[in-house]
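Written out below as structure tokens is the structure these notes cover.
The numbers here are math on the coordinates, done by the rules we state, and not lab data. What you are looking at is a predicted structure, and each value in this text was computed from that prediction instead of being measured. Quick reminder, even Gly has a Cβ in these numbers, built from the backbone with ideal geometry, and neighbours come from all protein chains shown.
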Amino acid sequence: MLAAMHGKIACVEKLLEAGANVLMFDACYGRTCLHYAAYYGHSSCLKAILSAAQSSPVAASWGFARFVNIRDGRGATPLHLAARQRRPECVHILLYSGALVSASTGRYGCPGSTPLHLAAKGGSLDCIRELLAWGADRLQRDASGRIPYVVALKHRHNACAALLNLSSAEPLVWPSSLKVISELNPDAKELLEQALMNANREREKNILKESDYSLPSPAHSDGIDDNISEVIRHPLNSR
């Protein structure tokens, strides 16, 4: 766990080879080595832990999909932590490994937050890009009734808010549910994914160019925190 926390990939690999238990939870936050690798952005450690989990007793006893979405003591998955801490590479790895893109937190952050809410709070455009490309729901609310767009406004991340605005064009989504996609080799998947991301970046350029002077002042964003109807009526949405 400490090796994953500090990004010591050689130590992580040796410990995994020796049969280290990746399902060990710490006493402070109820987190595993997977949580800490994601939280601190150590992508090499994250990959090593996920690879080991696929061929270890974890896969047989827990199931790999359950392990990828394992929750800490406050109900946060590794994807929640990576999104909040602005770790786009870790977000990508976790999504590619089967992390649930719209899972809600328990007591971590605002209860009911999705990874998209947390990326909006952290102000990471790269994390938001990844999440939207994997089908994250811009309309999903947290326990306070806020959609990610409002969270981004509240924390003065206006560029993020522009991408999350309900009037913005829907991004192209990675078609992970299609059988043909699962049968592609890694190189073909990478090419397809790169094409998708490039198309979405062009979409983003247009959105950000059009919205430079159209977003509400952050000082006035608190007034729309809990009321989606006001977001929908915003001038940017009436174009």
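If one puts a single equal scatterer on every Cα of the stretch 15-55 and applies the Debye formula without solvent, what log₁₀ I(q)/I(0) results at q = 0.23, 0.26, 0.35 Å⁻¹? Log10 I(q)/I(0), no solvent term: -0.76, -0.93, -1.22. On the beta carbon distance between Gln140 and Lys8, with R0 = 25 Å, the FRET formula returns roughly 0.10.
Here the label points at Asp26 and Ala59, each 7 Å from Cα along the C-beta direction, are separated by 2.8 nm in the simple model. Between Tyr96 and Arg156, the FRET efficiency from the beta-carbon distance, with R0 = 35 Å, is close to 0.70.
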